[in-house]
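Just below is one structure, and these are the notes that go with it.
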Amino acid sequence: MPLIVGNWKMNGLGADGVSLASAVAAKVKSAPAKTREVVVCPPFTLLERVGAAIAGSGVSLGGQDCAPKVSGAFTGDVSAPMLKDAGCSWVILGHSERRAGHKESDALVRAKVEAAEAAGLVTIACVGETLAEREGGRALDVVAGQLQGSLPDKRPERWVVAYEPVWAIGTGKTATSDDIRAMHAHIRSYLERRYDRITGVSVLYGGSVKGDNAREILGVSGVDGALVGGASLKAEEFWAICTAR
Ligand code: PEP
């Protein structure tokens, strides 16, 4: 079943966040047959309130990051067991905004993935090339390098890789269907070479997915769903994506 994940990023105060979550939950609940597997990832401050708003609807809750450690003197950080305790079953890790803005290395992302898996969270590990890397013909190598560095050697039961070309995030530009198909095939073949089997893996596309392009993107072979930023902040548009295929 296709998986649609909403990444709210650093958006949402109490009332707005709860009303967005409630609207998504009501749509999912009212049309279960049309519904994809839907996850919303609000900021940490809204996890508990959004968790309450989506309870019983079939929508799941995720965090946008977690620390590599379980607890201790790490001011400002939130650990994977804390996310779990707040009701999360998912976590986005290695998003390009964290890799770029917080200088997260592949090694750090891998440590976070290991911590999340140890806490029982399903990880959504993000990879993707910059525009310069794509124009330089290095997109496939860059993504393979990120997968090599960011994923643990032990394969989890359920796991998600999100291919998000950095130049497509929040820009309104999307990769072509051919480029998406080629990259998703590349990711799968990398995973097949590295792991004994890759059942339980979903490969998502992310980068300016909207209501009006979701059908085409979700129809590309090898695309198991979408990681959605800006369009996940509007219930109608997010729902259009959820029901696009
Ligand atoms: C994202 O932040 O993961 C993302 C894909 O953002 P947007 O949909 O806004 O491009």
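The values are calculated or read from the model by the stated rules, or taken from the named source; none is laboratory data. Since the structure is predicted, the reported quantities are computational estimates derived from the model, not experimental observations. Note that each Cβ is placed from the backbone with ideal geometry, even for glycine, and that neighbours are counted across all protein chains shown. For the accessible areas, the whole protein counts, side chains as well, though only heavy atoms, and no ligand, DNA or RNA atoms are used. Shrake-Rupley method; radii C 1.70, N 1.55, O 1.52, S 1.80 Å.
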Solvent exposure, largest accessible area first (probe 1.4 Å, DNA, RNA and ligands not counted), of K103, K69, K84
K103, K69, K84
Counting other Cβ atoms within 10 Å of each Cβ, which chymotrypsin sites (Phe, Trp or Tyr not before Pro) in segment 131-235 have at most 11 and sit in a DSSP loop?
none
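Exactly which trypsin sites (Lys or Arg not before Pro) in segment 184-213 are in a DSSP loop and have at most 10 other Cβ atoms within 10 Å? Could the numbers behind the result be given before it?
On the way: sites: R188, R193, R194, R197, K210; in loops: R197, K210.
Here the trypsin sites (Lys or Arg not before Pro) that fit, given the DSSP loop and packing criteria, are R197.
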What ranking do 20-26, 8-14 get when scored by the average of other Cβ atoms within 10 Å per residue, highest first?
20-26, 8-14
Of the GluC sites (Glu not before Pro) in segment 81-176, those whose Cβ has at most 14 other Cβ within 10 Å and which sit in DSSP loop:
E157
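First compute the accessible area of segment 203-245 with a 1.4 Å probe, then give the percent of it belonging to carbon and sulfur atoms. Walk me through the numbers before you get to the answer.
On the way: 700 of 1500 Å².
The computed percentage sits at 46.
Relative contact order of the chain: what whole-number percent is it, with Cα pairs under 8 angstrom and at least 6 residues apart? Kindly include the intermediate steps, with their values, before the conclusion.
Values: 480 pairs, mean separation 48.5, N = 245.
Reported as a whole number, the value is 20 percent.
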Ignoring ligands, DNA and RNA, what accessible area per residue does the chain give at 1.4 Å, in Å²?
44
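Cα convex hull of segment 55-148: how many Å³ per residue?
Spelled out: Cα convex hull of segment 55-148, divided by residues, is 112 Å³.
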Leaving out same-chain residues fewer than 8 places away, which aspartates and glutamates sit with a Cα under 19 Å from that of K103?
D65, D77, E114, E129, E133, E164
Over segment 1-138, what relative contact order in percent results from Cα pairs under 8 Å that are six or more residues apart?
20
If you take every DSSP beta bridge fully contained in the chain, what fraction is antiparallel? Give it as a percent rounded to 5.
0
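What ranking, highest mean first, results for peptides 221-227, 89-95 when packing means the other Cβ atoms within 10 Å averaged over each residue?
On the way: 221-227: 21.1, 89-95: 24.7.
For the peptides 221-227, 89-95, the packing ranking is 89-95, 221-227.
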What list of whole percents do you get for P(r) of the chain, with Cα-Cα distances grouped in 10 Å bins up to the one holding the largest distance?
8, 34, 38, 18, 2
What the Cα atoms of segment 158-245 span along the principal axes, largest first and in whole Å, is 40, 24, 19
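Leaving out ligands, DNA and RNA, and with a 1.4 Å probe, what % of the accessible surface on segment 28-178 is carbon or sulfur? Please list the in-between numbers first.
Numbers: 3670 of 6780 Å².
The nonpolar share, carbon plus sulfur, comes to 54 percent.
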Within segment 87-138: Cβ-based charge dipole about Cα centre, in debye rounded to nearest 20 (Lys, Arg +1; Asp, Glu -1)
80
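Percent relative contact order of segment 110-245, based on C-alpha pairs within less than 8 angstrom and at least six residues apart?
Details: 208 pairs, mean separation 30.5, N = 136.
22 percent.
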